[in-house]
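Enquirer: Pasting a structure here, questions to come.
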Amino acid sequence: MFLSVFEMFKVGIGPSSSHTMGPMVAAARFLDAMRASEYRFAGVRASLHGSLAFTGVGHATDRAVILGLAGFAPDTYDAVEAEAALARIGEEKTVTPEGLPTLAFDPKSDLVFDYDEALPGHANGMRIAATDAQGDTLLQETYYSVGGGFVLTEAELAAGKDTDHGPAVPYPFKSAAEMLDMARASGLSVAQMKRANELSRRPQAALDTGVARIWEVMEGCIDRGLEGTGHLPGGLNVRRRAGAIRESLEAERGLNLTAPHTINDWISTFAMAVNEENAAGGQVVTAPTNGAAGVVPATIRYWLDFVPGASREKLPDFLLTAAAIGGLVKYNASISGAEAGCQAEVGSASAMAAAGLCAVMGGTPEQVENAAEIALEHHLGMTCDPVKGLVQVPCIERNGLGAIKAVSAASLALRGDGQHFVPLDACIETMRQVGADMSEKYKETALGGLAVNVPNC
């Protein structure tokens, strides 16, 4: 099992990695399949199933599929070009992806929200078909958006999720126990082992440049969010608050009356800034998902701005450690809210952030594992019940609390020697079991919890 830091942290667009980025990626993959086919196609159509259908409008899934079929990709997304393309497609009822003929596609009739048929592989399922001039299907594929922007075909999912077909890596840990055993045997930190694995697949310069890019986008997202004003799109009329809270906190600087717990407000504000940007459809980094994108960058920003001795030179260690923990959670459980609730998104993000913070503050591999376990354990059972299917309520504030828990978990772990009662592996397995037992109403369908108990218009 090897999941790269660049798979856990992907540059993309809001509001959802599974409902926006994933469907756009699936559409791009289908276009590649069409290009590789000998058939001559005349049209395309798609259907959304399960959670993609129930909360697709709130997550802009329809826009993502349309733009994906037009050739747009999350990492190179241009908002101005996208709006122009959507307007043209609506008028002309065609898409013109590069390398293919003009294809008939009417968003109103060729993109179907199927609320009745849930596909068997995952809650986030979709089908895409290419047709001839008579409308008969020539090529069809089923895709599953399994969280964090990861997309698998039906065959890939059946073969085993996260199957790694690349060359062997030097430290192929598939569990936290294996990770700790390898750390003891090698004398290396989690970040050092993760770096060695990455370097077995790419040059040092590419790793350094890529990791720097991750933080560049994260930091830019925080800064834009702290300047944002007005209300978020989607119909809930949710006001952007991060900027106003930041101004209030800055006004209190230097006053002897400021309470110590005010630091929590800074942490929350950094996280909320990211998730307000995400909700507005801005550029974010999956960490490990869009819905949980604020936790890791908020924890890093707290560390850089407020912790004595913090240095940007250690940022790669933070991100590599966090990615190692995120990979374990994804491989052994899930990072998808539609599959396991928000424990799989904000809970996983909090565990990743806690591990990263513990690492850059001098924690041993045992303390890093302990920090991740503490953070994840105290998100167990958390539901995913977004009001109106939007990544706004309770998602934005939830990221702030997830970052606060991450800081507390890292601090507690650093006060100990790494020995603790519940292993991280047991906590991850518990999260998987809880997710399997959780009612579908509480797994990103907007059919239960806050989604039905709070007026959404």
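Enquirer: Find the accessible area per residue for the chain; the probe is 1.4 Å, ligands and nucleic acids are left out, and the unit is Å². Walk me through the numbers before you get to the answer.
Expert: Values: 18270 Å² over 457 residues.
Here the residues of the chain average 40 Å² of exposed surface.
Enquirer: For ALA118 paired with THR137, estimate the spin-label separation in nm (one decimal), with each label point 7 Å from Cα along the Cα-to-Cβ line.
Expert: 2.1 nm
Enquirer: While we're on this one: For VAL44, enumerate residues with amide H under 5 Å from its amide H, sequence gap 5+ or separate chain, H modeled in the peptide plane.
Expert: Here ALA104, THR131 satisfy the definition.
Enquirer: Of GLY220, LEU207, PRO233, which is farthest towards the positive pole of region 199-243's charge dipole, taken about the Cα centre with +1 and -1 on the beta-carbons of Lys, Arg and Asp, Glu respectively?
Expert: PRO233
Enquirer: At a Förster distance of 35 Å, what's the computed FRET efficiency of SER109 paired with ALA73, Cβ-Cβ distance as r, to 0.05?
Expert: 0.90
Enquirer: Work out the FRET efficiency for ASP417 and LYS174 from their Cβ-Cβ distance, taking R0 = 35 Å, and round it to the nearest 0.05.
Expert: Values: r = 25 Å, r/R0 = 0.73.
Calculated value: 0.85.
Enquirer: Could you tell me which helices of the chain pass both thresholds, a Cα extent of 24 Å or more along their own axis and a mean Kyte-Doolittle hydropathy of at least 0.5, with helices taken as whole DSSP H runs?
Expert: On the way: long enough: 204-227 (35 Å, 0.08); 262-279 (25 Å, -0.04); 315-332 (26 Å, 0.93); 395-415 (30 Å, 0.66).
For the chain, where a helix must reach 24 Å along its axis and average at least 0.5, the hits are 315-332, 395-415.
Enquirer: Could I ask something else about it? Quick one: pull the percent of accessible area on the chain belonging to carbon and sulfur, 1.4 Å probe, ligands and nucleic acids left out.
Expert: Working: 9540 of 18270 Å².
The nonpolar share, carbon plus sulfur, comes to 52 percent.
Enquirer: List the pairs from LYS10/LYS93; LYS10/LYS194; LYS174/LYS443; LYS10/LYS388 whose alpha-carbon separation is above 23 Å, in the order I gave them. Could the numbers behind the result be given before it?
Expert: On the way: LYS10/LYS93 31 Å; LYS10/LYS194 17 Å; LYS174/LYS443 26 Å; LYS10/LYS388 26 Å.
Too far apart for the 23 Å limit: LYS10/LYS93; LYS174/LYS443; LYS10/LYS388.
Enquirer: Right, here's the next one. Let me know the shape class of region 1-79, please: from the alpha-carbon gyration tensor, a ≥ b ≥ c as square roots of the eigenvalues, rounded when a/c is under 1.5, otherwise prolate if a/b is greater than b/c, or oblate. Can you show the working numbers first?
Expert: Working: a/c = 1.73, a/b = 1.21, b/c = 1.42.
Oblate shape, in that a/c is at least 1.5 and b/c is the bigger or equal ratio.
Enquirer: I would also like to ask the following. Restricting to Cα pairs below 8 Å that are 6+ residues apart, what does the relative contact order work out to for the chain? Please round to a whole percent.
Expert: On the way: 938 pairs, mean separation 85.1, N = 457.
Computed over the chain, the figure is 19 percent.
Enquirer: Do you know the relative contact order of region 166-281, to the nearest whole percent, from alpha carbon pairs under 8 angstrom that are 6+ apart? If you can, show how the numbers build up before the last one.
Expert: Working: 91 pairs, mean separation 27.6, N = 116.
Worked out over region 166-281, it gives 24 percent.
Enquirer: At 7 Å along the Cα-to-beta-carbon direction for both ALA251 and LYS441, put a label point, then send me their distance in nm to one decimal.
Expert: The two pseudo-label positions are separated by 4.3 nm.
Enquirer: Normalising by the residue count of region 259-385, find the relative contact order in percent from Cα pairs under 8 Å and 6+ residues apart. Don't jump to the answer; show the numbers that get you there.
Expert: Details: 166 pairs, mean separation 29.1, N = 127.
Reported relative contact order: 23 percent.
The values are calculated or read from the model by the stated rules, or taken from the named source; none is laboratory data. Computed from a predicted structure; not experimentally measured. Backbone-built Cβ (ideal geometry, glycine too); neighbour counts: all protein chains shown. Heads up: the accessible areas ignore ligands, DNA and RNA and are worked out on the full protein's heavy atoms, side chains in. Shrake-Rupley method; radii C 1.70, N 1.55, O 1.52, S 1.80 Å.
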